[in-house]
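Each remark here refers to the structure printed beneath this line.
The values are calculated or read from the model by the stated rules, or taken from the named source; none is laboratory data. These numbers come from a predicted model, not from an experiment. When we count neighbours, we look across all protein chains shown, and the Cβ atoms used for this are built from the backbone with ideal geometry, even at glycine.
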Amino acid sequence: MRLRFIGAAQTVTGSMHLIETNGKRILLDCGLYQGKRAESTRINKNFYSGDGADSSQQYFHPAQIDAVVLSHAHIDHSGNLPSLVKNGYTGPIYATPATRDLAGIMLADSAKIQEQDASFLNRKLAKRGEPLIQPLYDIEDALSVAPLFVSVSYHRETTIADGVRVTFYDAGHILGSALVKLTIDDDGAEKTILFTGDLGRRGLPILRNPEVINEADYLITESTYGGRFHEPIESMQAKLQEVILRTIKRGGKVIIPAFSVERTQEITYTLHRLFESKALPRIPVFVDSPLSVNATEVFRLHPECFNKEVFKMVIANDDPFGFEYIHYIKTVEDSKKLNDIHEPLVVVSASGMCESGRILHHLANNVSDPKNTIMIVGYQAPDTLGRRIVEKQPRLKILGEEYSLRAEVVEMHSFSAHADHNDLVGFVRNFDTKKLRNIFLVHGENEEQTALSTSLRQIGYKEIFAPKKGDVFNI
Ligand SMILES: [Zn+2]
């Protein structure tokens, strides 16, 4: 059996690993690589190594893949599926039911961004008289992925190719996220591989805790936050309350840029709890992003993924994401009307790093008023508007105009949906040291992987690798 690491290898995007056994090829995840434009295009367009010029360096042709297994719907794990299908893949894509539904809306949204990106670039190219480009994929390509999904619930072992079975366990990261166990009959010897996808955290507001797994021959684990420690989840509710109360006192608005999937629902659910317990006075809350509104609908369809507390609310006919003064906004007109309200309110809008979407309008209208608060609840990559806000840069360019940053800026790190160093070490610690042969660290940068690998060696695991893109292991 051969294991090839194609993406999220010493980096955090483009999750993609290939298992070759018994003449079959199984692809674990098919994520979008997100980086500088030219490099991203090259990597996402070609399922090749290097520059793709030498066909002997080809990892695989999409038509040669027998099955795809998807750990969860985040774009860095699912976002290159439309390219895979566009280039000839016609086989099944195994995922949990919630992942299938979330992937449906997220891939369509990603296609829209690809199309907008291409037309923006084409306007510039046309002016210079240079040849135009095609988007990586379009809406039609994204839609053509949907019929290939085969949904498999947690704990239902399913044969996906000759001698290969898959079982999903709850990863506690986002709705539907799975730890993927592959049980493989490799020339008569049974071997198990556990792939974490992204590992979640214990105690997140909506989801169950990640399941404990204690046996596998090989572990492929994410390492995003190796060597890093999150604020405790318990502080989330109190801090949210404190910041909103402070802003209400000033008569201001709280603007929260948030990722549409999971973060938005965690915030609305936490606000629901705060209003219910009268910890906050009644002020209107607006969720203003079409993807966030659609994602919340998908959450409502999958109570089987909720923890006991949220599940009980659903049974009692209490909508975890809906309460008297929360408004889900779909149309641009309704979004614009928010500017006419001059009283305290909360706006939750996307994109999470303030790179696109309606959040830009809300920021443009509100960053310069010291009464307001911009609450940053997620990771902000370098060179994004979100990062400039976190850095409290005095002048911000938003939608082509300059604005002074005078609003209060608050950062909250307790919302992270990723395991931190202690969570990762705790997860691996459950595995039987004698049975586990190799640990492969993926989905992490060098520094984080080194920190994690050092701790894992200290607790008795020796064969730890951090593969580079293209590395192949015979196991
Ligand atoms: Zn993820």
- [ ] Check off (1) surrounded by fewer than 12 Cβ atoms within 10 Å (Cβ to Cβ); (2) in contact (Cβ under 8 Å) with a residue 40 or more places away in the chain; (3) not small (G, A, S) for T433 and give me the number that stays unchecked.
- [x] (2)
- [ ] Just name the residue that is farthest from the ligand (Cβ to nearest atom) out of those in region 159-199 that are surrounded by fewer than 16 Cβ atoms within 10 Å (Cβ to Cβ) and either in contact (Cβ under 8 Å) with a residue 40 or more places away in the chain or not assigned by TED's automatic domain parsing to the domain that holds L424 (or both).
- [x] D187
Task: Residue in region 185-200 that is more than 23 Å from K24 (Cα to Cα) and among the hydrophobic types (A, V, I, L, M, F, W, C) present - done: yes
Open item on the list: Given the criterion at pLDDT 85 or above, within 16 Å of the ligand (Cβ to nearest atom) and surrounded by fewer than 24 Cβ atoms within 10 Å (Cβ to Cβ), identify the matching residue among I65, I75, I43.
Closed with: I75
TODO: Can you give me the number of residues within region 209-224 that are within 16 Å of the ligand (Cβ to nearest atom) and over 17 Å from the mean Cα position of the chain (by Cα)?
DONE: 1
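Could you count how many residues in region 437-469 are among the hydrophobic types (A, V, I, L, M, F, W, C) and modelled with pLDDT under 95?
Result for region 437-469: 1.
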TODO: Look at region 400-426 and say how many of its residues are buried (at least 22 other Cβ atoms within 10 Å of the Cβ), of a type outside the set (G, A, S) and modelled with pLDDT of 95 or more.
DONE: 1
Open item on the list: For region 73-115, give me the residue count where each residue is assigned to a helix (DSSP H, G or I), without any contact (Cβ under 8 Å) to a residue 40 or more places away in the chain and more than 21 Å from F168 (Cβ to Cβ).
Closed with: 5
Open item on the list: Return the residues of region 409-440 that are within 16 Å of the ligand (Cβ to nearest atom) and not aromatic (F, W, Y); say none if nothing qualifies.
Closed with: S416, A417, H418, A419, D420, D423, L424
Open item on the list: Quick check on my filter: what residues within region 225-235 are buried (at least 22 other Cβ atoms within 10 Å of the Cβ) and away from the ligand (no atom under 13 Å from the Cβ)?
Closed with: G226
Task: Pairs with Cβ under 9 Å, 6+ apart, first in region 287-300 and free of Cβ contacts under 8 Å to residues at least 12 places away in the same chain and outside the structural domain of I206 (by TED's automatic domain parsing), second surrounded by fewer than 22 Cβ atoms within 10 Å (Cβ to Cβ) and part of a helix (DSSP H, G or I) - done: E297/I105
Open item on the list: I'm trying to understand the selection: among the residues of region 436-475, which are of a type in the set (D, E) and either over 20 Å from I193 (Cα atoms) or surrounded by 14 or more Cβ atoms within 10 Å (Cβ to Cβ) (or both)?
Closed with: E445, E447, E448, D471
Open item on the list: Quick check on Y137: is it closer than 27 Å to Y169 by Cα, surrounded by 12 or more Cβ atoms within 10 Å (Cβ to Cβ), in contact (Cβ under 8 Å) with a residue 12 or more places away in the chain and in the same structural domain as I174 (by TED's automatic domain parsing)?
Closed with: no
- [ ] Identify, by number, the condition in (1) modelled with pLDDT of 95 or more; (2) part of a helix (DSSP H, G or I) that I255 doesn't meet.
- [x] (2)
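Keeping to region 279-313, report how many residues are assigned to a helix (DSSP H, G or I) and more than 25 Å from the chain's Cα centre (by Cα).
Result for region 279-313: 2.
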